[in-house]
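The values are calculated or read from the model by the stated rules, or taken from the named source; none is laboratory data. Since this is a predicted model, take the numbers as computed values, not measurements. Note that each Cβ is placed from the backbone with ideal geometry, even for glycine, and that neighbours are counted across all protein chains shown.
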Amino acid sequence: MSKYLAALLVAIFFISCGEDYVPKPKAFLRLEYPEAKYVESNLDLPFTFETNLLATKISEKEVQSSTKSYGINIEYPSLKGTIFLTYKAVEGNKENLINFLRDAQNFTQKHTIKADEIPVTPYENKLHKVYGAFAEVKGDVASQAQFYVTDSINHFLTGSLYFYAKPNYDSILPAANYLQKDIRHIMETVEWK
């Protein structure tokens, strides 16, 4: 009986070793986010814009300063990120506008130390008098995107995207791409009051 058992084990061994091992190809995490649905913000601000329904909390507060300014946080808990907006009144003062533009551009440039690349795209909507720029910051940086828009006379709005995680570009890239579309939509739907 043991001869038959030994022969059976040898036969199973040779049959099981018939195929060559093929390693699995490298795979990437596939994250799917819902299609964006936008609604107009109903905030008491000197401008309006549309936000994604995925943003579960939008908070605003007036900041005390020599010019009227507001801070707006658009939170996305499911993506572990927030878009921070800051509004400042230009009040027809060319010096204010120059300072606001310089501050916004310097804020983006501070990321050049760790950024791999910072492509900047100008934005212009003559109908609604909205002019500005969008900067995508690529690499392991604190903020993956920044923008500013203005009417060049009365209003100036800046925004930046942050995640509640240590910067790891590969890990947050899908969420960053999704929220960058929301930032572009905010820019495209800004209307000054």
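Structural remarks
A quick yes/no check of all residues on (1) of a type in the set (A, V, I, L, M); (2) crowded, with 16+ Cβ neighbours inside 10 Å; (3) in contact with a Pro (Cβ under 8 Å, 6 or more places away or on another chain); (4) modelled with pLDDT under 95:
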{"residue": "ALA142", "(1), (2), (3), (4)": "yes, no, yes, yes"}
{"residue": "TYR148", "(1), (2), (3), (4)": "no, yes, no, no"}
{"residue": "HIS155", "(1), (2), (3), (4)": "no, yes, yes, no"}
{"residue": "GLY159", "(1), (2), (3), (4)": "no, yes, no, no"}
{"residue": "LYS166", "(1), (2), (3), (4)": "no, no, no, yes"}
{"residue": "LYS181", "(1), (2), (3), (4)": "no, no, no, no"}
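- Yes/no for PHE49 being at pLDDT below 95 and surrounded by 15 or more Cβ atoms within 10 Å (Cβ to Cβ): no
- Filtered residue count, region 94-106, keeping only those that are acidic (Asp, Glu), surrounded by 14 or more Cβ atoms within 10 Å (Cβ to Cβ) and over 18 Å from TYR70 (Cβ atoms): 0
- Residue in region 156-164 that is assigned to a helix (DSSP H, G or I) and either within 30 Å of THR56 (Cβ to Cβ) or within 20 Å of the chain's Cα centre (by Cα) (or both) present: no
- Applying the criterion of being among the β-branched types (Val, Ile, Thr) and within 20 Å of ASP151 (Cα to Cα) to the residues of region 75-93, the residue that is surrounded by the fewest Cβ atoms within 10 Å (Cβ to Cβ) is THR86.
- Any hit, region 85-101, residues being closer than 21 Å to LEU53 by Cα and part of a strand (DSSP E or B): yes
- Qualifying residue in region 166-187 (condition: part of a strand (DSSP E or B), within 14 Å of the chain's Cα centre (by Cα) and within 22 Å of ASN73 (Cα to Cα)): no
- Residue count for region 105-125 satisfying the condition of being at pLDDT 95 or above and not β-branched (Val, Ile, Thr): 4.
- Residue satisfying all of: in region 52-73; assigned to a strand (DSSP E or B) and farther than 23 Å from VAL90 by Cα; modelled with the highest pLDDT among these: ASN52
- For ALA104: the one exception among (1) within 20 Å of VAL190 (Cβ to Cβ); (2) in a strand (DSSP E or B): (2)
- Residue in region 35-45 that is at pLDDT 85 or above and of a type in the set (Ser, Thr, Tyr) present: yes
- Scanning region 107-123 for residues that are closer than 15 Å to VAL137 by Cα, part of a strand (DSSP E or B) and either among the acidic types (Asp, Glu) or in contact (Cβ under 8 Å) with a residue 40 or more places away in the chain (or both) gives a single hit, GLU117.
- Test: ALA36 is crowded, with 18+ Cβ neighbours inside 10 Å, assigned to a loop (DSSP other than H, G, I, E, B) and touching a residue at least 24 places away in the same chain (Cβ under 8 Å): no
- Test: residue in region 169-179 that is farther than 20 Å from ALA104 by Cα and of a type in the set (D, E, K, R): yes
- Residue within region 137-144 that is of a type in the set (S, T, N, Q) and either assigned to a helix (DSSP H, G or I) or within 20 Å of PHE49 (Cα to Cα) (or both) present: no
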